[in-house]
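As structure tokens, the structure follows; a few thoughts come after it.
The values are calculated or read from the model by the stated rules, or taken from the named source; none is laboratory data. Keep in mind the model is a prediction, meaning the values are calculated, not measured. Methodologically, a virtual Cβ is constructed for each residue, glycine included, from the backbone with ideal geometry; neighbour enumeration extends over all protein chains shown.
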Amino acid sequence: MTDLRTIPVVAAGEERPSGGQGNLLARVFDELTAFCRSRSLFMLHYCTGCGAVELPPAMTSRFDMERLGIQPMVTPRQADILLVTGYVSTKTLKRIILTYEQMNSPKYVIGICSCTVNGGMYWQSYATAKKLNDYLPVDMYIAGCMPRPEAVISGLRELIANIRAGRSDYWRDYYRRYDHYLGNQQRLFGENWQTPTDVIAEARHYGLFGPETLGEHTALLEQHQTPLQPFEMRLGLKQDKGSSS
Amino acid sequence: MTPTDAPGHDVTTTLDFLLQEVDGLRTRWVAPRRLRVDLPAETLPALLELLKGRAGYVHLSAISCVDWPDDGQFELVYHTWSYELNVLVMAHIRIPRDPGVYLSIYDLYRPAAFFERDIHEMFGLWFEGSPDMGKFILTEWEGPPPMRKEFDGEAWVMEQFGWQEYRPEWLTEIEAKGGGISKRPEQLRGDKGEDGTA
Amino acid sequence: MRPENYQAVSHPPSHEYEVFFGPNHPGIEGNYALKVRLHGDEVTAARADGGYLHRGFEKLMEGRLWIQNIALVPRICVPDPVPMEVCYSLAIEALGGLEVPERAQWIRVMQLELSRIAAHLFTFGGNAATTGMYTPMFWGIADRDLILDLFEELSGGRVYHIYNIPGGVRRDLPEGYLKRVSDTLDYIESRLPDYDNLMFTNQVFVRRATGVGIMTQEQALDWGVTGPNLRATGLPFDVRRDDPYLIYDQLEFDVPVEEAGDAWARTLVRRAELKQSLRILRQVVARLPEIDGPIRAPIPNPLAWNLPLGDVYTRVESSKGELAYYVVSNGGDKPWRVHVRGPSAMHAVQVLEHLVTGARIEDVAQIMFSLDACPPEVDR
Amino acid sequence: MSDIDYKQRGSLLNPLRSLGFFGRPPVTQPLEPRPASINYRGFHLNDWEKCVGCGTCQKVCDNAAISMVHIPDLPADPAKGVRPERPAIDYGRCCWCGLCVDICPTGALALSREYVHTCVDADLSSYFILPDSHGIHGQPYEKGWAKTADADLISLLREPMPELEPEQRIENFDEIVGGYDPQQALLEASRCVQCGMCHDACPTHMHAPQYIRAIWEGKLEEAVGWIYQTNPFAHICGRVCTRRCETACSIGHRGEPIAIRWLKRYAMDAIPHERVKQIAAAGRCETPSGQRVAIVGAGPAGLTCAFDLAKQGHAVTVFEALSQPGGMTRWGIPEYRLPYDRIDRDIDVIQSLGVEIRCNTRIGSDITLEELHQQYDAVLIALGLQMGRGTRIPGSDHPQVRRAVDLLRQATAGEEFGTPQSAVVIGGGNVAMDIARTLARLQRQRFGTAQVTITALEELSHFLADPVEIKEAHEEGITILPARGPREVVVEDGNLVGLATWRVTSIFDEQGRFSPTYDQEDAQIHTAEMVVEAIGQMSDTGLLGDELTERLAWNRGRLQVDSDGRTSEAWLWAAGDMVRGPDVVSAVADGHRVAASIHAALSAAKEQNP
């Protein structure tokens, strides 16, 4: 619940022209970008929780979200929207954060169902995270347990309108207040938590480096950070091949 | 196989007769198709072998674990079903909570591997001879086995997480007039049954 | 952006590699993962990775009143929630000695079968989509939505009905409801030839599904597989018929079986089961108006309701197989222990790992969907 | 088993038949949200007129989504069970199960057919809603899931109380109410939703939710402990309390309130007397304070005060004019409502704490207040209302015109007062019912038949008496004539022959003052040998003595006391019916209040002169 517009950007590097100033051509170009962005959104195909069961109806013939220019997309790299459908268990939340960091900006997070807001009906569960916006900036919430496809579509239309009007840029908040988000992540996942994406470098790169990008939590991260190794998967099989044949 | 027939006299006698072969059993028909068997932990493999071999109990429906901290015991319930007799046998055993070790029945029933691993994760029970006691569900969990009664999940959550601090306009208005939230739901759970001079 | 200290490592040349199949993957049903080791496109080893949907239901239920849990249980299997509600309610009724009125039992059967049809239509869609055919998915989901509309009218919720309560159901049928059920059944029945054309006689699908993920009856019994997956290996076992609950013993229906035990056989069993569900529903629609009476046995104030000491194991046949609840009461107002035996716990872990091993990577999704695995049942 | 022969018929071209679907209308719905079904479980609606702020929704909510919000603008009425609180719903927790709707005791909550709410992160506070009847966005949506008889989770009917049938009871003074057995008590206790309205309404704020819960849990000793925390007249209040708690009970809005009084009675009867004494003594101060308190009047107020002060270590002496303690509960309430052995038990508990009760000691004649003032550190007068008021109608000075309180006292004492063959009672309160029913019993015992008529100014629906009393009086063959005003007592040849009455047209004037008007056309004479006035009581303050009466401050004929019961004299407190009006449980409450004040004063005095 932070109005990110109140957080100053003191980053080195290019300063993004804010709307209204700049030359006419840039303004037209910005408008065009916003229009195109809002009309072509790819939603990451990841069913994180039970609300996902209302997405197939929303995607297919009956409620047909393709009318809005929204389609599911299988890879995070090409997706614009991360739809967090309900409760996020700690295990899933790690994957969500990894996924989110892999997505290209601008990216939008939608939290649907009660659980993403305040724990929902799993508020007393040891296994789920309670407030999604502690870990990721969230652009849009859709209420319901679970929201009907119509409600999902209403939320998506709202998001489209916000993108079109240039209002939905919560993703920048992740860079500007990375320390805050990282702190909450560390609190949940332990001090050694580390993702393969270098968010701080990205913040510098995009010119979104803010006074709260770095802090005690990022300092802790740097202390623990180990060089990224190629991931070695261990299937954990008893016998090396063919667990049961 | 005549599955639609209710278990008749002969089925119950067959089972009752068969179960006489194992010592130390207490059997009770709790419903027409439900036979409860209480037995000492060490006789369970013999019972299951008997049921599987002689009465067609090839289906292990579930292994349930119940924590009885006051008795210092875990209760393990093996629910087995015979496709021939169409009767569910629930074998109840109790094992001491400490050290909480029991034998795996994986060599008799392969589904046991899933249930035993699950019980190991949730209750911390160890099954000797089970093929895989590695973590499956709680890979990111470092706390105590959560299903044990002494683990108070709600208290843990209250300590670990914060809640949304909503500031809606209506609440501000009411607070300006001297009102406000008089009882939060979390509070309600805290003082249940204690001094309630509300 | 990669960290500055990232250093590329050159891998030794190999045909073997290990990949994550899920949790973020369109070929996975729900939020679940498989880690697979490949040799070329052949899977040489696989390991299921669950727990993404773990919410600790069993712990949560120990902290809530008997009746509060009815809101919790449908979440354990999202595509097919009614059996969860009914099975939990049956357990409470058995513990508390409640006699469910006959009308409520018939209404429950109606819901169970509607839910089964909805779940099977959903699975057809997913199953076809794994072979690249998206039209059955669009059809299946749109037709399933008609059943969700029926549920919405009955219970006020599309997916989570929370309509069954210990003692019976929460509302009587709305005016003219059975007529609308009947119309929907007519419609779905009229659509079956379309599905046959598109999917069940479609050689593309048939050839992709035949011989994939074969499981013999012996193996199925060995692994504790139940439900359509077991029936696809030739064993006609159905909890509804062989351990009857509610009023299933008053209904006429067949237990369809197939012999082959492959993905195609499993799909065919579901198709035949959908027809049987329609048949059951026709009987329910015909009989229900004659059955009058209350829809709920009186229950005490839910805030002060102790169930007597005891334990009970109730089973129902869900669209995935044998669903069971083991409920223990220590005489208190909350469950002492609830153990949910989700049918998918069997076929989504050990069986899936086994069937996938030796298969080709493109068949993995097909195998998972043909088994109709429901990850939240595994994770709970 | 398969009925499709796919091996033969299957063709790669089969799916092409589906191309025909191009010609069919699409199933796609418009983008705007569809209207939801009639039972839809959407956002909450709350009818603030009906909602009483009981918080039951909060208790049943499995998701801890409901907070109770105190709203100062709303009316508060503890006596009617209305709290200025309303539920606020956290849609970050809610799962729309509708249990709150199904359990709502008043039927105020419902779910609407509205289901779309979206917001950006900065507006997340819009997830916390104080629902009213307008919907969360102020848009008119109809009710969806609302209360129906099918889905009601509240059990509206009370466990029936076994009672003596009229024919079994009309000739004797046996207790009418049988009391619950354990199973009934458990079922009745289980109906409680623990809202605490009873606690708020009770003059002495008894912990009714706690003891009801304890009864339900089978912890009867705990229940007795809760009862004794606020009320040493536990047996008595378990039988004859005016039970304001049950008026306030949330369940009573649509059904029968919890039988709180009978549950208290059940708990008290279930525990052995000796154990009750131990429980009551819990928390007693073991070191005597060395200070002495005199209490005048062994009624509920005086003895409650004595109980509290004795527990705090003071030496308490109670002076009672009559032969046995108990005050009005003994001398005013007939035995069929309150058996004397129950009064004895309550008093025995109080005495077991060391309270000394001196009966047959009348202030003014046996000992004066001034003497008490000299001998004790503090004095409480709890005289009660022992004198009946008269109607002052013509003929009311006849000896056969009696006052109800006097007759009741004589009946308790077993004195002969000349039971008449027929009697008319004037008054519509509980005392009128008591004397009428007592007289009827005595008549039946003596003459075999009863003839008692009650005349009262009020319409039946406005009688001050408990409806149960009225019903039982009817059952016992007593004629009740509402809206009859007494005109005169008819006396012929010195013998009383009856009471003449008029029909009442109104009781109060436009300013709301008591000023009855009568329809003089409609006059009746009710023949009787005796007329009993039961129109109210007053206190006999003559025993204060002229000098003290002069010094004390008075207010409209009542002794003036501060909120703690202290009079204008620093050493003198007053409590009970003489201050508050007639009601057992109010007297108990007053006793506690005064005891606290006396204890504070004594402690302060001790600090000053150790």
Residues satisfying the stated conditions in region D:528-566, i.e. among the β-branched types (Val, Ile, Thr) and free of Cβ contacts under 8 Å to residues at least 60 places away in the same chain: D:549, D:561
Residues of region D:577-602 satisfying the condition of being modelled with pLDDT under 85 and loosely packed, with under 15 Cβ neighbours inside 10 Å: D:581
Residue C:80 vs. criteria within 27 Å of residue B:117 (Cβ to Cβ), more than 14 Å from chain D (Cβ to nearest Cβ), touching a residue at least 12 places away in the same chain (Cβ under 8 Å) and touching a Phe, Trp or Tyr at 6+ places or on another chain (Cβ under 8 Å): no
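Would you confirm, using the coordinates I've provided, whether residue C:311 is on the phi < 0 side of the Ramachandran plot, within 14 Å of chain B (Cβ to nearest Cβ) and out of contact with any helix residue (DSSP H, G or I) (no Cβ under 6 Å at 6 or more places or on another chain)?
When the stated conditions are applied, residue C:311 passes them.
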Test: residue in region D:339-357 that is closer than 21 Å to residue D:240 by Cβ, part of a loop (DSSP other than H, G, I, E, B), among the basic types (Lys, Arg) and in contact (Cβ under 8 Å) with a residue 12 or more places away in the chain: no
Some residue of region C:10-29 being modelled with pLDDT of 80 or more and either assigned to a loop (DSSP other than H, G, I, E, B) or within 14 Å of chain D (Cβ to nearest Cβ) (or both): yes
Index of the failed condition, residue B:53 passing every other in (1) surrounded by fewer than 22 Cβ atoms within 10 Å (Cβ to Cβ); (2) within 13 Å of chain C (Cβ to nearest Cβ); (3) over 18 Å from the mean Cα position of the chain (by Cα): (2)
Qualifying residue in region A:66-89 (condition: under 22 Å from residue D:120 (Cβ atoms), in contact with a Cys (Cβ under 6 Å, 6 or more places away or on another chain) and within 14 Å of chain D (Cβ to nearest Cβ)): yes
Matching residues, region A:41-57, being surrounded by 24 or more Cβ atoms within 10 Å (Cβ to Cβ) and out of contact with any Leu (no Cβ under 6 Å at 6 or more places or on another chain): A:46, A:47, A:48, A:49, A:50, A:51, A:54, A:56, A:57
Test result for residue C:304, farther than 25 Å from residue B:35 by Cα, within 14 Å of chain B (Cβ to nearest Cβ) and small (Gly, Ala, Ser): yes
Some residue of region C:53-73 being more than 14 Å from chain D (Cβ to nearest Cβ), outside any strand (DSSP E or B), among the small types (Gly, Ala, Ser) and over 22 Å from residue C:295 (Cα atoms): yes
Qualifying residues in region D:545-576 (those that are surrounded by fewer than 13 Cβ atoms within 10 Å (Cβ to Cβ) and of a type in the set (A, V, I, L, M)) - the one farthest from residue D:296 (Cα to Cα): D:553
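Kindly establish whether residue C:173 is under 20 Å from the mean Cα position of the chain (by Cα) and more than 9 Å from chain D (Cβ to nearest Cβ). Walk me through how you get there before you give the answer.
On the way: under 20 Å from the mean Cα position of the chain (by Cα): no; more than 9 Å from chain D (Cβ to nearest Cβ): yes.
Answer is no for this residue.
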Residue match in region A:227-245 (condition: at pLDDT 80 or above, out of contact with any strand residue (DSSP E or B) (no Cβ under 6 Å at 6 or more places or on another chain) and not hydrophobic (A, V, I, L, M, F, W, C)): no
Given (1) of a type outside the set (A, V, I, L, M, F, W, C); (2) surrounded by fewer than 24 Cβ atoms within 10 Å (Cβ to Cβ); (3) not in a helix (DSSP H, G or I), number of the condition residue C:213 does not satisfy: (2)
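Please pick out the residue among A:91, A:130 that is in contact with a Gly (Cβ under 8 Å, 6 or more places away or on another chain) and over 23 Å from residue D:65 (Cβ atoms).
Among A:91, A:130, only A:91 is in contact with a Gly (Cβ under 8 Å, 6 or more places away or on another chain) and over 23 Å from residue D:65 (Cβ atoms).
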In region D:579-598, the residues that are over 23 Å from residue D:553 (Cβ atoms) and not in a loop (DSSP other than H, G, I, E, B): D:584, D:585, D:588, D:592
Any hit, region D:199-206, residues being in the same structural domain as residue D:253 (by TED's automatic domain parsing), assigned to a loop (DSSP other than H, G, I, E, B) and surrounded by fewer than 18 Cβ atoms within 10 Å (Cβ to Cβ): no
Among the candidates B:153, B:129, B:134, B:162, residue that is surrounded by fewer than 16 Cβ atoms within 10 Å (Cβ to Cβ), within 13 Å of chain C (Cβ to nearest Cβ) and either of a type outside the set (Ser, Thr, Tyr) or touching an Asp or Glu at 6+ places or on another chain (Cβ under 9 Å) (or both): B:134
Residue count, region C:132-151 (criterion: more than 10 Å from chain A (Cβ to nearest Cβ) and farther than 20 Å from residue D:37 by Cβ): 3
Subset of region D:349-367 [buried (at least 16 other Cβ atoms within 10 Å of the Cβ) and out of contact with any Asp or Glu (no Cβ under 8 Å at 6 or more places or on another chain)]: D:349, D:350, D:351, D:352, D:353, D:354, D:355, D:363, D:367
Residues satisfying the stated conditions in region B:136-182, i.e. in contact (Cβ under 8 Å) with a residue 12 or more places away in the chain and of a type in the set (D, E, K, R): B:148, B:149, B:150, B:154
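Yes/no per residue for (1) in contact with a strand residue (DSSP E or B) (Cβ under 9 Å, 6 or more places away or on another chain); (2) closer than 19 Å to residue C:306 by Cβ; (3) within 14 Å of chain C (Cβ to nearest Cβ); (4) in contact (Cβ under 8 Å) with a residue 40 or more places away in the chain:
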site: D:169; (1), (2), (3), (4): yes, no, no, yes
site: D:172; (1), (2), (3), (4): no, no, no, yes
site: D:179; (1), (2), (3), (4): no, no, no, yes
site: D:191; (1), (2), (3), (4): no, yes, yes, yes
site: D:199; (1), (2), (3), (4): no, no, no, yes
site: D:211; (1), (2), (3), (4): no, yes, yes, yes
site: D:227; (1), (2), (3), (4): no, no, no, yes
site: D:249; (1), (2), (3), (4): no, no, yes, yes
site: D:256; (1), (2), (3), (4): no, no, yes, yes
Flag if residue C:134 is in contact (Cβ under 8 Å) with a residue 40 or more places away in the chain and either farther than 30 Å from residue C:204 by Cβ or out of contact with any Ser or Thr (no Cβ under 6 Å at 6 or more places or on another chain) (or both): no
Matching residues in region C:229-256 - criterion: being outside any loop (DSSP other than H, G, I, E, B) and farther than 18 Å from residue C:282 by Cα: C:229, C:230, C:231, C:239, C:242
Hits in region D:571-585 (condition: over 17 Å from residue D:536 (Cα atoms) and either among the hydroxyl-bearing types (Ser, Thr, Tyr) or within 17 Å of the chain's Cα centre (by Cα) (or both)): D:585
